[in-house]
Structures are given as structure tokens and as C-alpha cells.
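The values are calculated or read from the model by the stated rules, or taken from the named source; none is laboratory data. In this text, all values refer to a predicted model and were calculated from it rather than measured experimentally. Because the Cβ atoms are built from the backbone with ideal geometry, glycine has one as well, and the counts that use them run over all protein chains shown. Each accessible area value is taken on the protein alone, full model and side chains, heavy atoms only, with ligands, DNA and RNA left out. Shrake-Rupley method; radii C 1.70, N 1.55, O 1.52, S 1.80 Å.
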Amino acid sequence: MYYVYAIKSLNRKYIYVGLTKDVSLRIQRHNKGYERTTKPYRPFVLFHLERLPYRLSARKREKYLKSGVGKEFLKRLMK
């Protein structure tokens, strides 16, 4: 199983979308500052999670959520 997740910064207006097999470990890495792209925006909270059976389908969904249309979808979920 693969997971596509979206996290939001608690301090700044920032959404990050990622793909992983271990959601809890991945979010811990983001919050501890191990990921260079998200380090300045810590701390994070998970607000969207999708479970997909194949890496290819998860990657396609991740790319969609990272697009402009996908980010708008995620912003509507946060409201």
C-alpha cells in the first residue's frame, strides 16, 4: 500500500503533498526538520490522506494534488 498525504504548516501558509509507505515516519521526519524542502515551515499537521494500492497510481494522484487544481481542492478541504 502507498499513501498520498497532505500536511499543512501550523505557523505559515504552506501545504506540502507527498507520497510514502509509512505515513507516521514521514510526518515525523518533516516535523524534525530532516526534509530540506519543509524544514522552514515546521511544525506540520496531517490533514489529508489517501491510500492507493500501486505506486504508479499513487504517483499520479500526488502529481494531481501538487498541481494548481489539486492545491485548490486541498484548500477547500481545509475550510
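Observations
- GLU72 accessible area, assembled protein chains, probe 1.4 Å, Å²: 90 Å²
- Per atom type, the chain shows carbon and sulfur on 52% of its accessible surface, probed at 1.4 Å.
- Heavy-atom SASA rank of VAL45, VAL4 (probe 1.4 Å, accessible area, largest first): VAL45, VAL4
- Net charge of the neighbourhood of LEU65, taken over other residues with C-beta under 9 Å away and scored Lys/Arg +1, Asp/Glu -1, is +2.
- Charge-dipole axis of the chain as Lys and Arg at +1 and Asp and Glu at -1 on Cβ define it, positive-most pick from THR38, MET1, LEU49: THR38
- The range 39-79 and the range 1-31 have Cα centres separated by 8 Å.
- The residues of the range 3-77 expose, per residue, 66 Å² of accessible area to a 1.4 Å probe.
- Here the chain is treated with +1 on each Lys and Arg Cβ and -1 on each Asp and Glu Cβ, and its dipole about the Cα centre works out to around 180 debye.
- Taking other residues whose beta carbon is less than 11 angstrom from the beta carbon of ASN31, and scoring Lys, Arg as +1 and Asp, Glu as -1, yields +4.
- Ordering SER9, SER67 by accessible surface, largest first, gives SER67, SER9; the 1.4 Å probe counts only protein heavy atoms, with every chain in place.
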